[in-house]
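Enquirer: Before we start, here is the structure in question, set down as structure tokens.
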Amino acid sequence: VSAQDGNRTTLTVGYTVPVASGVRGQVTSFMNDGDVTVSLFAAGSAEPQYTVAVPAGEKNGGKYTAVYDIPEVAAGTYTMKVMKNNHVTREYTVTVSAENVTQDVKICLLGDVTGDGSVDMKDWGRMRSHINETNMLTDYALACADVTKDGNVDMKDWGRMRSHINETNPLW
């Protein structure tokens, strides 16, 4: 819209400012009551744009449940990284628009291949099936099985897991 008043012209421009939305959800973790860190990374960024640390939350059996909330996140697609001591970092892709985003997450202990909250013979057997190539691990379970953190799941991991289960050399 424009209006002229003598030698002056007034121009009115309308535009919409994107409203920031929040990212929130529930985090399930195990073993200890240490803080959980949730970070959002923009595409191609090595530094997080948003980070929140929350207490592990309410204990139910060996499981801890916490609620996180990152308010006012700019629109875009982010990699969410969820971290806690003795756990394997988990990543999710989160797309933020005008609506709030709910992303519930579960992170597992290093060695907890089955995701049940403990590192035991079930995990050791599952790892052995992977090494024997009879039942391959993928994605997050594969990351949990890499107890030596060398990028491979092999006999070194299997032996290291056995030492943990026998309580001769704990993983954490």
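Enquirer: Would you confirm, using the coordinates I've provided, whether Gly76 is within 17 Å of Tyr92 (Cβ to Cβ) and either loosely packed, with under 14 Cβ neighbours inside 10 Å or over 13 Å from the mean Cα position of the chain (by Cα) (or both)?
Expert: Criteria met by Gly76.
Enquirer: Applying the selection to the range 106-119, what residues are in contact (Cβ under 8 Å) with a residue 12 or more places away in the chain, open to solvent by 20 Å² or more (accessible area, probe 1.4 Å) and among the charged types (D, E, K, R)?
Expert: Lys106
Enquirer: Return the pairs, sorted by first residue and then second, in which the second residue is among the β-branched types (Val, Ile, Thr) and surrounded by 11 or more Cβ atoms within 10 Å (Cβ to Cβ), the first residue lies in the range 52-66 and is touching a residue at least 40 places away in the same chain (Cβ under 8 Å), the beta carbons are less than 7 Å apart, and the residues are 6+ apart or on different chains.
Expert: Pairs found: Lys63/Thr28; Ala66/Val27; Ala66/Val36; Ala66/Val54.
Enquirer: Considering (1) part of a helix (DSSP H, G or I); (2) open to solvent by 50 Å² or more (accessible area, probe 1.4 Å); (3) over 24 Å from Tyr64 (Cβ atoms); (4) touching a Ser or Thr at 6+ places or on another chain (Cβ under 6 Å), say which one Lys122 fails and leave the rest.
Expert: Unmet condition: (3).
Enquirer: Here's another thing I want to ask about it. Taking the condition under 17 Å from the mean Cα position of the chain (by Cα) and over 23 Å from Asp33 (Cβ atoms), does Asp150 pass?
Expert: Judged against the criteria, Asp150 is not a match.
Enquirer: Which one is nearest to Thr168 (Cα to Cα) among residues in the range 125-141 that are free of Cβ contacts under 8 Å to residues at least 24 places away in the same chain and assigned to a helix (DSSP H, G or I)? Break it down into steps so the answer makes sense when it comes.
Expert: First, the residues of the range 125-141 that are free of Cβ contacts under 8 Å to residues at least 24 places away in the same chain: 125-126, 129-130, 132-136, 138-139.
Filter once more, keeping what is assigned to a helix (DSSP H, G or I): 125-126, 129-130, 139.
Numbers: Gly125: 18, Arg126: 21, Ser129: 23, His130: 24, Asp139: 29 Å.
Taking the candidates together, the pick is Gly125.
Enquirer: Based on this model, can you work out whether Val96 counts as farther than 17 Å from Ser29 by Cα, surrounded by 18 or more Cβ atoms within 10 Å (Cβ to Cβ) and under 17 Å from the mean Cα position of the chain (by Cα)?
Expert: Yes: the conditions hold for Val96.
Enquirer: Still on this structure: Quick test of your reading of the structure: Leu11 fulfils all but one of (1) modelled with pLDDT of 65 or more; (2) in contact with a strand residue (DSSP E or B) (Cβ under 8 Å, 6 or more places away or on another chain); (3) over 30 Å from Trp172 (Cβ atoms); (4) not acidic (Asp, Glu). Name the failing condition by number.
Expert: So the condition that Leu11 fails would be (1).
Yes/no matrix, rows are residues, columns are (1) in a loop (DSSP other than H, G, I, E, B); (2) in contact with a strand residue (DSSP E or B) (Cβ under 9 Å, 6 or more places away or on another chain); (3) farther than 14 Å from Gly117 by Cα:
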| site | (1), (2), (3) |
| --- | --- |
| Lys59 | no, yes, no |
| Val67 | no, yes, yes |
| Glu72 | no, yes, yes |
| Thr79 | no, yes, yes |
| Val94 | no, yes, yes |
| Glu99 | yes, yes, yes |
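Enquirer: Oh, and also: Determine whether Lys63 is basic (Lys, Arg), surrounded by fewer than 17 Cβ atoms within 10 Å (Cβ to Cβ) and more than 21 Å from Asp33 (Cα to Cα).
Expert: Answer is no for this residue.
The values are calculated or read from the model by the stated rules, or taken from the named source; none is laboratory data. Being a predicted model, the structure only gives us computed values, none of them experimental. Glycine also receives a Cβ, built like all others from the backbone with ideal geometry; neighbour counts cover every protein chain displayed. When the accessible area is computed, the model is the full protein with side chains, heavy atoms only, and any ligands, DNA or RNA have been set aside. Shrake-Rupley method; radii C 1.70, N 1.55, O 1.52, S 1.80 Å.
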